[in-house]
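This is the structure, below, for whatever I ask next.
The values are calculated or read from the model by the stated rules, or taken from the named source; none is laboratory data. All values derive from a computational prediction rather than experimental measurement. A quick note on method: Cβ atoms are made from the backbone with ideal geometry, for glycine too, and the neighbour counts reach across all protein chains shown.
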Amino acid sequence: MKAAWITAVALVLPMLGASGAQAQWNVARFGSEPNRVYTAFGLDPALVTTAGYSRVVALAGHPVQFSGDAGVGAAKMDARDFRVRFQVYTTLVRWRSLYLNGSATSNTRGTENSIYRGINFGADFTATAGVYRSRWFAAADFGFDKAVITHVKHSDWYRQVFYPEARDGWYLDAGGTYHYGIATGWTLGRTEVLARAGLQRTEKFDDLLPPAYGTLAVGLAF
């Protein structure tokens, strides 16, 4: 059983590499532009193309952004390699143009290849601090992405060639990753361009491949 668990986790970990948190738009504009559709492309942790929608609502007079997006592997636009995310993003502390923001994101990620088919459910928590103005912002963020539970189903080929006793099933705690970097955005009319880049490490602060992430997103507010 232990050998099967180690095999499954080792296979699934590449799929579950840390992703930079979901697109975090300019909180200084939340009051005037509650809706946004967006698309993003980048190394996150593989090459991923993403499309999503966000809406800002007032909860007890406090603006909170709810977002949802879906992404697929960009190399072949293969829907078998996918990611679906839902996020809550809001300001925690503000002083003039300085903001401390926080986000909580649920992640569902899946992949399929000649060795296995896997799906994972996890969560990401990220804090972002920076200067936010109506037409631009610059910030730094730090977050933790945890793979909470993973289901693995091995292929017949893998069983026949490598490991006939491989067991399918659910596995808890396939690992986690820290991500930390910078984010900046510019606004042109109703269009906002967001760039994010940074580094990532395992939850034990070991090296991770790829060691960095970077995304470019474009959003249209209305």
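Take the residues in the range 114-133 that are at pLDDT 95 or above and farther than 18 Å from A174 by Cα, then tell me which one is surrounded by the fewest Cβ atoms within 10 Å (Cβ to Cβ).
R133
Could you tell me which residue of the range 190-219 is surrounded by the most Cβ atoms within 10 Å (Cβ to Cβ), considering only residues that are among the charged types (D, E, K, R) and within 17 Å of the chain's Cα centre (by Cα)?
For the range 190-219, the residue satisfying everything is R196.
List the number of the failed condition for S103; all other conditions in (1) modelled with pLDDT of 95 or more; (2) hydroxyl-bearing (S, T, Y); (3) assigned to a loop (DSSP other than H, G, I, E, B) hold.
(3) is the only condition that S103 fails.
Taking the options V93, V72, V88, name whichever one is modelled with pLDDT under 95, assigned to a strand (DSSP E or B) and in contact with a Phe, Trp or Tyr (Cβ under 9 Å, 6 or more places away or on another chain).
V72
On to the next question. With the requirement that a residue be closer than 20 Å to F86 by Cβ and among the hydroxyl-bearing types (S, T, Y), what does the range 110-124 give you?
Hit for the range 110-124 is T111, nothing else.
Testing T111 on (1) loosely packed, with under 15 Cβ neighbours inside 10 Å; (2) modelled with pLDDT under 95, one condition comes back false. Which one is that?
Checking T111 against (1) loosely packed, with under 15 Cβ neighbours inside 10 Å; (2) modelled with pLDDT under 95, the one that fails is (1).
Does the range 189-211 hold any residues that are hydrophobic (A, V, I, L, M, F, W, C) and at pLDDT 95 or above, and which are they?
The initial filter retains those residues of the range 189-211 that are hydrophobic (A, V, I, L, M, F, W, C), namely 193-195, 197, 199, 205, 208-209.
Hits for the range 189-211 are V193, L194, A195, A197, L199.
Looking at A79, A58, which one is at pLDDT 95 or above and either more than 20 Å from L194 (Cβ to Cβ) or surrounded by fewer than 18 Cβ atoms within 10 Å (Cβ to Cβ) (or both)?
A58
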